[in-house]
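**Q** One structure, pasted below without further comment.
Computed from the coordinates by the stated procedures, all read-outs in this text should not be read as laboratory data. Model, not experiment: these values are computed from the prediction. In this analysis, Cβ positions are derived from the backbone assuming ideal geometry, glycine residues included, and neighbour counts consider all displayed protein chains.
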């Protein structure tokens with residue numbers, strides 16, 4: 001997979017197929033991006049599991065925290081990692097010990113570890129880096145258009161008004177896919193410099 | 001579903017708009033309402049805390065305006081946009097995110113006269129210090145960079161003389177200085193020039209001009225290219241630092257490559273207040289649907305009129321980058337191959353008096369202070385749009401006393417030429 005620019009079909013297929021998502025680094029603080037994403041994805045009917053050893057015994061929006069991926073009692077379709085790039089590899093290594101393996105490993109905005117990605121992809125796991133599933137879900141459904149964001153999708157179909165707890169259709173026509181050409185170039189330059 | 005890129009005209013009609021979820025209305029409805037109900041207390045809290053996508057209050061966002069925002073973002077190749085009440089409001093909101101009191105920004109000397117005034121006087125009272133540079137001398141931008149420089153501001157096609165700015169060269173200076181390049185793309189519109197493709201980090205427009213295109217609605221817009229990294233060095237605290245306005249959210253960390261547009265909305269528009277009326281957004285959206293058709297006609301007419309004037313014995317000089325003899329023609333061929341815009345100046349051998357006489361005799365051209373209308377417009381910048389400048393600054397900005405500015409409309413070019421001919425000849 002070219003991790004500098006993901007086709008919309010790749011992201012769409014992931015978000016349409018996964019049901020359970022373990023969020024590593026989920027924060028109970030309601031101004032942290034992980035809290036935003038956790039809450040949004042839960043409202044869009046994903047089975048969310050917060051993973052954070054610092055908060056075991058507490059709940060995040062009614063879901064009990066677990067200390068690590070291996071403490072989860074059911075198969076996980078996707079692992080969403082809210083950690084800096086330098087902390088990705090141990091999480092991926094732990095994920096690779098799970099049975100069954102997760103189908104997707106997703107690294108949040110700003111996080112990228114190409115070696116960890118290669119390792120996961122070598123056993124058939126799909127990898128997304130430096131993206132946010134909340135933003136991508138909002139983009140492909142065009143719900144994010146409320147914020148003036150370029151969803152880079154078009155549709156001449158009438159969609160139902162989005163309400164809480166509802167899954168939205170992500171099957172709109174793509175405009176080029178990936179991110180915008182200019183922002184993709186900027187991200188690539190940045191990752192090459194670091 | 002393959003990821004293919006629709007053309008510009010398709011985006012001009014479709015981007016951002018889809019049938020209304022409630023009624024099925026195909027044209028974008030005018031959501032003429034101040035406020036939007038919340039589903040429950042948690043939904044309200046999520047919206048106020050920026051955790052959910054949705055509408056609160058039209059000063060912060062409105063569904064009609066959102067269609068306009070996404071459409072212009074798509075046409076410019078940006079990640080997001082924010083519509084505001086005017087082009088001037090766009091400039092205030094952009095710089096509020098970038099400058100603290102005592103900071104500087106570098107601006108091209110050739111700008112719309114209203115922008116020169118805003119930068120020189122209004123912004124000075126905020127402690128934002130403009131440093132002027134010459135867009136024809138790229139090194140003058142490099143020399144102007146100091147540790148307090150926070151942005152560079154240029155026009156793609158510069159008012160009033162329609163000169164073309166070397167966006168790529170200046171973007172190189174901005175990148176070296178570690179500051180964003182802001183490009184006012186009003187006179188080109190994204191149909192002629194897409195500054196983000198040439199290194200712009202932020203694009204602003206007066207929507208009042210070619211994008212709206214019909215001279216009926218004031219509006220402005222800010223487009224985020226998603227290209228600038230705001231996180232380095234604490235230089236842009238509105239984006240990189242925890243914001244007390246939102247209980248400690250860091251906008252870049254949360255919103256990634258559209259964080260600047262969000263900052264403009266939630267820190268700029270929310271707190272400064274220059275919201276665009278949804279009715280104006282609707283009028284401008286309707287205009288944008290025909291932008292590619294109009295803009296080509298504007299340019300084709302402008303070239304014909306400029307050629308006519310260049311051959312007229314009463315005319316001393318024509319400044320139109322679309323003419324092969326013009327000093328900006330090479331840059332026009334590079335940046336605006338479809339046409340060099342429709343706003344340009346010329347000077348008359350008879351000087352100031354001849355200019356006044358010409359304006360009074362024209363029958364089709366309207367004498368007024370706007371550009372980018374379907375109608376052809378004429379003005380004498382030295383006594384109007386650029387009148388607050390001193391004589392030396394007028395000449396430097398291309399608005400000397402003998403200069404007349406035209407904005408060529410989409411009428412039949414033969415009629416425009418005939419009108420100029422009678423006004424010049426009699």
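**Q** Need one word for the stretch B:129-171: rounded, prolate or oblate. Basis is the Cα gyration tensor (sqrt eigenvalues a ≥ b ≥ c); a/c below 1.5 gives rounded, then a/b vs b/c decides.
**A** Verdict is prolate for the stretch B:129-171.
**Q** What nm value, rounded to one decimal, do you get for the distance between residue B:148 and residue B:393 when each label is placed 7 Å out toward the C-beta?
**A** Output for this residue pair reads 1.9 nm.
**Q** Here's something else I'd like to know. Can you compute the modelled spin-label distance between residue B:57 and residue A:10, with each label point 7 Å from Cα toward Cβ, in nm?
**A** For the pair residue B:57/residue A:10, the computed spacing is 4.2 nm.
**Q** Could you tell me whether the stretch B:321-426 comes out rounded, prolate or oblate from its Cα gyration tensor? Rule is a ≥ b ≥ c as square roots of the eigenvalues, rounded for a/c under 1.5, then prolate if a/b exceeds b/c, otherwise oblate.
**A** Judged from the Cα gyration tensor, the stretch B:321-426 comes out oblate (a/c at least 1.5, b/c at or above a/b).
**Q** Could you state the angle between the C-alpha long axis of helix B:167-177 and the longest principal axis of the C-alpha atoms of chain B, as a value from 0 to 90 degrees rounded to the nearest 10?
**A** Here the helix axis deviates by roughly 50 degrees.
**Q** I've got another one for you. Using just the helices of chain B, give the 222 nm mean residue ellipticity in deg cm²/dmol: DSSP H runs with n ≥ 4 each add -39,500 (n - 2.57), and the total is spread over all residues, rounded to 500.
**A** So the calculated ellipticity at 222 nm is -10000 deg cm²/dmol.
**Q** log10 I(q)/I(0), Debye, Cα-only the protein assembly as shown, no solvent, q = 0.07, 0.11, 0.12 Å⁻¹?
**A** Calculated log10 I(q)/I(0) at the listed q: -0.46, -1.02, -1.18.
**Q** Considering only B:347, B:360, B:189, give the residue with the highest GNM mean-square fluctuation for chain B, with springs between Cα atoms whenever their separation is below 10 Å.
**A** Highest fluctuation of the listed residues: B:360.
**Q** Let me ask another. Just to confirm the number: angle between the C-alpha axis of helix B:87-98 and the first principal axis of chain B, 0 to 90 degrees, nearest 10?
**A** 50 degrees
**Q** How many angstrom separate the Cα center of the stretch B:28-91 from the Cα center of the stretch A:49-106?
**A** The stretch B:28-91 and the stretch A:49-106 have Cα centres separated by 35 Å.
**Q** Which one, B:405, B:194, B:333, has the greatest fluctuation when you compute a Gaussian network model over chain B with C-alpha springs under 10 angstrom?
**A** Comparing B:405, B:194, B:333 in the GNM, the peak value goes to B:333.
**Q** Moving to a separate point now. May I ask what percent, to the nearest 5, of DSSP beta bridges between residues of the protein assembly as shown are antiparallel?
**A** 50 percent
**Q** Relative contact order, percent, of chain B when contacts are C-alpha pairs under 8 Å separated by at least 6 residues?
**A** Value for chain B: 17 percent.
**Q** So, one more: For the stretch B:387-426, list residues with backbone N below 16 Å from a point placed 7 Å from the Cα of residue B:368 toward its Cβ?
**A** Backbone N within reach: B:406-411.
**Q** Between B:346, B:119, B:36, which gets the highest mean-square fluctuation from a Gaussian network model of chain B, Cα cutoff 10 Å?
**A** Maximum fluctuation in the GNM of chain B, among the listed residues, is at B:36.
**Q** State whether the stretch A:1-158 is rounded, prolate or oblate according to the following rule on the C-alpha gyration tensor (a ≥ b ≥ c being the square roots of its eigenvalues): a/c under 1.5 gives rounded; otherwise a/b larger than b/c gives prolate, and the remaining case gives oblate.
**A** It comes out oblate by the Cα gyration axes.
**Q** Follow-up question, since we're still on this one. Evaluate the distance, in nm, between pseudo-label points positioned 7 Å from the Cα of residue A:156 and of residue B:22 along their respective Cα→Cβ axes.
**A** 2.6 nm
**Q** Rounding to the nearest 10 and keeping the result within 0 to 90°, find how far the Cα-based axis of helix B:413-425 lies from the longest principal axis of chain B.
**A** 50 degrees
**Q** A follow-up question, please. Would you mind telling me the antiparallel percentage of the DSSP bridges in chain B, rounded to 5?
**A** Bridges in chain B are about 60 percent antiparallel.
**Q** Hey, with R₀ at 22 Å, roughly what FRET efficiency would residue B:136 and residue A:190 work out to, going by the Cβ-Cβ distance, to 0.05?
**A** In this case the efficiency is close to 0.10.
**Q** Next question, about the same structure. Once each part is reduced to its C-alpha centroid, what is the distance from the stretch B:247-278 to the stretch B:348-385 in angstrom?
**A** The distance from the Cα centre of the stretch B:247-278 to that of the stretch B:348-385 comes to 40 Å.
**Q** Using all C-alpha to C-alpha distances in chain B, build P(r) with 20 Å bins and read off the rounded percent in each one.
**A** Calculated P(r), rounded to whole percents: 27, 56, 16, 1.
**Q** Would you mind telling me the antiparallel percentage of the DSSP bridges in the stretch B:138-263, rounded to 5?
**A** Of all bridge pairs located within the stretch B:138-263, approximately 55 percent are antiparallel.
**Q** Principal axis extents for the stretch B:167-261, Cα atoms only, whole Å, descending order, please.
**A** 43, 32, 15
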